[in-house]
Amino acid sequence: MHFPISDVTINPIYLICLGFFVGILGGFFGVGGSFLAGPALFAFGVPMNFVVGTDLIHIVGKSIVAARKHWTLGNIDLRLALIMVAGTIAGIQVGVSGIEALKKINRVDWVVGLIAIVVYTSISFFVAWEGWRTSKLPALKSKGKTEDQSAVSKDKMAFRKFTRWIQRIPLHPRVSLPHSGIKSISVWAILGVSFIGGAFSSFLGGGAGYIRMPCMVYLLGIPTHIAVGTDLFEIVVSASVGSFQHALHGNVDILIALIMQTGAAIGAQIGATLTQYFTGPRIRLAFAPLPLLGAGLIIYGLITGHHTR
């Protein structure tokens with residue numbers, strides 16, 4: 001099937017399957033799945049500026065379905081999400097401006113692609129390391145390996161100390177997040193995380209949950225399940241604003257997005273339900289290889305040059 005807006009030909013069955021798979025990932029990990037959806041579209045031959053804009057608009061519908069499911073499960077900290085919206089919108093403006101600047105010099109594909117490869121690979125290795133170390137602790141306790149257990153405990157304590165330091169940043173105003181178990185934290189820390197997420201969202205595509213969700217867990221100290229649900233709620237806003245901005249600049253292929261959405265709406269509900277059966281460390285460990293797969297798809301797209309047709 002030919003898509004005249006982005007001038008590419010893709011089998012719609014591929015797009016439906018991609019949407020379904022990404023929907024499951026979004027509902028399960030609390031990320032929009034752009035670390036796979038965007039690279040997959042790029043590997044199919046879609047130019048990078050259309051990848052970014054189209055992936056954003058596709059993610060809106062899927063995230064609404066997944067966020068609604070997480071709301072019923074009690075996994076959304078509404079106060080946290082509403083604060084993050086302000087920082088996200090500011091970051092989106094920065095990301096869109098960056099894409100437009102690269103379009104003028106015809107360097108969108110390579111610059112965005114290489115940055116995405118670095119970001120996805122770094123996230124993959126970090127989450128794999130942390131998830132493995134954290135999930136290793138219960139097994140070590142049962143086997144009485146006190147020396148290794150001590151090393152893992154030190155890692156956990158280091159993360160907790162850093163999280164507590166972030167929470168104690170002496171900048172006002174401060175806010176309590178009782179739903180997330182946080183007594184007091186600077187609003188500026190929350191805005192900083194959401195600003196970075198918004199910039200990545202509009203520059204690399206998707207809801208940038210691959211950046212924001214780990215930051216919520218490791219920097220702000222939000223419990224994993226609440227971080228998943230809250231991030232999905234926030235993605236609804238960030239992806240909506242980002243897709244609108246990109247649509248104004250002609251970076252959205254609405255037909256591709258709609259076809260992907262048919263599969264994503266079903267997958268999102270399945271993924272959200274699955275979070276009830278896994279612990280936080282296991283969710284993070286399962287997430288680890290996925291950004292690396294996205295990086296591989298981008299490398300494939302850059303090497304084959306399908307997007308330059």
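Since every read-out is calculated from the coordinates, none of them should be taken as a lab result. Not measured: the values here are computed from a predicted model. Here Cβ is always computed from backbone atoms with ideal geometry, including for glycine, and neighbour counts include all displayed protein chains.
Using Cβ contacts closer than 10 Å as the measure, can you line up 69, 183 from fewest to most?
On the way: 69 20, 183 9.
Ascending Cβ contact count within 10 Å gives the list 183, 69.
Residue 126 to residue 73: FRET efficiency via 1/(1 + (r/R0)^6), r the Cβ-Cβ distance, R0 25 Å, to the nearest 0.05? Display every interim value, and only then the final one.
Working: r = 27 Å, r/R0 = 1.08.
Rounded to the nearest 0.05, the efficiency is 0.40.
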### Query
Using 7 Å Cα-to-Cβ label points, what is the residue 162/residue 248 separation (nm, one decimal)?
3.7
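R0 = 22 Å: FRET efficiency of residue 183 with residue 82, Cβ-based, nearest 0.05? Can you show the working numbers first?
Numbers: r = 19 Å, r/R0 = 0.85.
For residue 183 and residue 82, the calculated efficiency is 0.75.
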### Message
Based on the alpha-carbon set only, what is the convex hull volume of segment 209-270 divided per residue, in Å³?
### Response
93
